[in-house]
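Working notes, structure below.
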Amino acid sequence: MALDGNALAGPLAGIYAFDVTTARARCAHCGVVARLARALVFASAMGIVARCRACEEVLLTVVERPDGTSVSARGLAWLRP
Amino acid sequence: MAITTRGFGGRRAPAEKPLPPGQFLTEDFPVLSAGPTPNVDEAHWQFSVHTESGEVRRWDWAALMAMPVEDVTTDIHCVTRWSRFDTQWRGVSVDAFFEDVESEAEFVMVHSYGGYTTNLPLEDLLDGKAWITFEHGGEPLAPLHGGPVRLIVPHLYFWKSAKWVRGFVMQEHEEPGFWEQNGYHLYGDPWLEQRYA
Ligand SMILES: [Zn+2]
């Protein structure tokens, strides 16, 4: 049921100017640094939730709203292209 | 003498139940998951209410089974636009859990196994408006649908009906839960189409 971080590429293409799946990110919960492509991604009709593969806490959520795409990245300590 | 007339048609079309705006009817039960399905068996399941004074009231599976059980048939409405009529649940009214809880707080953060949260005003959980359920359609609640125990708050969008529920934390101020932090409406009334914040 969980996808990997490559599922984030389409939804985030218009948000970040770099390829998010090859970007490296640090989990704000456990501190693990990994490529976003390694994330556990749960895609549902309410939104996309990317979780850290190490601790399963939420890294990133993407919600498609009528007025555009909303990204919350409070689970990321940092994100680098 | 009573006279009954059947009308010219003889038979009336069944009264159509209204759907909230923007919803369509389905017979399916689509599953929405924001994370892995937690494995919680009945032997380890616990439910707790934490009040603003720091008191904690706990129930285990045996305590839940000893509470007054109700059968509930209700319509449910998901923010992703599907609705189902007459879904059947078996569980305990949230009112029963609050009989022994003293709190002045007006808001509740619902917590689930797996880390999910959703926020509600307390009054939306009381007076027969919400249930802690353990059966759906006559079967034990499957883990995928929130088993062993799921909160049901049918008058609000279904994301408020938290799967794998483990407790309520009383709050004096309303804080947003998981989806509410991520762009969804703080309250979520389907009849007012309160989908997004
Ligand atoms: Zn982590």
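Throughout, read-outs are computed from the coordinates displayed, never taken from laboratory work. Quick caveat, the model's predicted, so the values are computed rather than measured. Quick reminder, even Gly has a Cβ in these numbers, built from the backbone with ideal geometry, and neighbours come from all protein chains shown.
Given the -39500 (n - 2.57) contribution per DSSP H run of 4+ residues, what per-residue ellipticity at 222 nm results for chain B, rounded to the nearest 500 deg cm²/dmol?
Values: 3 runs with 14 residues, N = 197.
It lands at -1500 deg cm²/dmol.
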Quiz prompt | Mean residue ellipticity (222 nm) of chain A, computed from DSSP H runs ≥ 4 via -39,500 (n - 2.57), nearest 500 | solution = -500 deg cm²/dmol
Self-check item: Assigned charges on the beta-carbon of Lys, Arg, Asp, Glu; region A:10-81 dipole about Cα centre (debye)
Solution: 300
Practice problem: Give a residue-ordered list of calculated ³J(HN,Hα) values for region A:7-23 (Karplus: 6.51 cos²θ - 1.76 cosθ + 1.60, θ = phi - 60°; whole Hz; x for Gly, Pro). | Solution: 5, 7, 4, x, x, 9, 4, x, 9, 9, 7, 10, 6, 5, 6, 8, 5
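If you average the sequence gap of Cα pairs under 8 Å that are 6 or more apart and divide by the length of region B:43-192, what percent do you get for the contact order?
On the way: 326 pairs, mean separation 40.6, N = 150.
Relative contact order here is 27 percent.
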Quiz item: Of B:129, B:163, B:17, how do they rank once you tally other Cβ atoms within 10 Å and put the fewest first?
Solution: B:17, B:129, B:163
Exercise. Could you check the simple spin-label distance between residue B:88 and residue B:28, using points 7 Å along Cα→Cβ, in nm with one decimal?
Key: 2.3
Exercise. Would you mind giving the mean number of other chain beta-carbons within 10 Å of the Cβ of each residue in B:171-182, as a whole number?
Key: 2
Exercise. Would you please state which residues of region B:16-40 a label at residue B:194 would reach in this model, taking the label point 7 Å out along Cα→Cβ and a backbone N cut-off of under 17 Å?
Key: B:20-22
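Among A:69-79, B:184-194, B:55-65, A:50-60, what's the highest-first ranking by average C-beta atoms within 10 angstrom per residue? List each step's numbers first, then the result.
Details: A:69-79: 16.4, B:184-194: 18.0, B:55-65: 14.4, A:50-60: 21.5.
By packing density, highest mean first, the sequence is A:50-60, B:184-194, A:69-79, B:55-65.
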